[in-house]
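Chemist: The structure under discussion is supplied below as structure tokens; questions concerning it will follow.
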Amino acid sequence: MAITKEIIIGRIEVVGTWNVQVATDTVIKEDGVQISTSRHRHILHPCKYKSDGSTWEDTDISTESKEVQSICNAAWTDTVKTNYKSFVESQGS
């Protein structure tokens, strides 16, 4: 009896103007037969305040899959990043 676990990308979406939503599926198989699937979602934003809270830095996407990195790099133009920063600052965050 062999139990295997596989994590695959179920969906990558650009939501709104700058959010990239990633859905990953964890598939558990026993002897090649799928016995369980669960989905996890996370959202990536183009940039964030540095830990010192005074300046911005681009979001580190180096641990994301190549597919996710490609979509983020295409979606997060300099204009999008500027607009995102302006939006966050206008919200008082």
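Chemist: With the requirement that a residue be among the charged types (D, E, K, R) and either at pLDDT below 95 or in a helix (DSSP H, G or I) (or both), what does region 61-81 give you?
Modeler: Residues of region 61-81 that are among the charged types (D, E, K, R), as a first pass: 64, 66-67, 78, 81.
Passing the criteria: Lys66, Glu67, Asp78, Lys81.
Chemist: Name the pairs whose Cβ atoms lie under 7 Å apart, with the first residue in region 24-42 and in contact (Cβ under 8 Å) with a residue 12 or more places away in the chain, the second part of a strand (DSSP E or B) and of a type in the set (Gly, Ala, Ser), and 6 or more positions between them or separate chains?
Modeler: Thr24/Gly10; Asp25/Gly10; Thr26/Ser38; Ile28/Ser36; Arg39/Gly10; Arg39/Ala23; Arg41/Ala23
Chemist: Restricting to region 12-34, name every residue that is part of a strand (DSSP E or B), surrounded by 11 or more Cβ atoms within 10 Å (Cβ to Cβ) and out of contact with any Asp or Glu (no Cβ under 9 Å at 6 or more places or on another chain).
Modeler: Result: Glu13, Val14, Thr24, Glu30, Gln34.
Here's the yes/no breakdown for (1) under 16 Å from Val20 (Cα atoms); (2) of a type outside the set (S, T, N, Q); (3) exposed (fewer than 11 other Cβ atoms within 10 Å of the Cβ):
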{"site": "Lys50", "(1), (2), (3)": "no, yes, yes"}
{"site": "Ala75", "(1), (2), (3)": "yes, yes, no"}
{"site": "Asp78", "(1), (2), (3)": "yes, yes, yes"}
{"site": "Gly92", "(1), (2), (3)": "no, yes, yes"}
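Chemist: Right, something else. Six or more apart or on different chains, Cβ atoms under 6 Å: show the pairs whose first residue is in region 73-93 and more than 15 Å from Glu57 (Cα to Cα) and whose second is surrounded by 14 or more Cβ atoms within 10 Å (Cβ to Cβ).
Modeler: Hits for this filter: Ala75/Val14.
Chemist: Within region 35-59, how many residues are among the polar types (S, T, N, Q) and assigned to a strand (DSSP E or B)?
Modeler: Qualifying residue count for the region: 3.
The values are calculated or read from the model by the stated rules, or taken from the named source; none is laboratory data. None of these values were measured; they are calculated from a predicted model. Please note: Cβ atoms are built from the backbone with ideal geometry, for glycine as well, and neighbour counts cover all protein chains shown.
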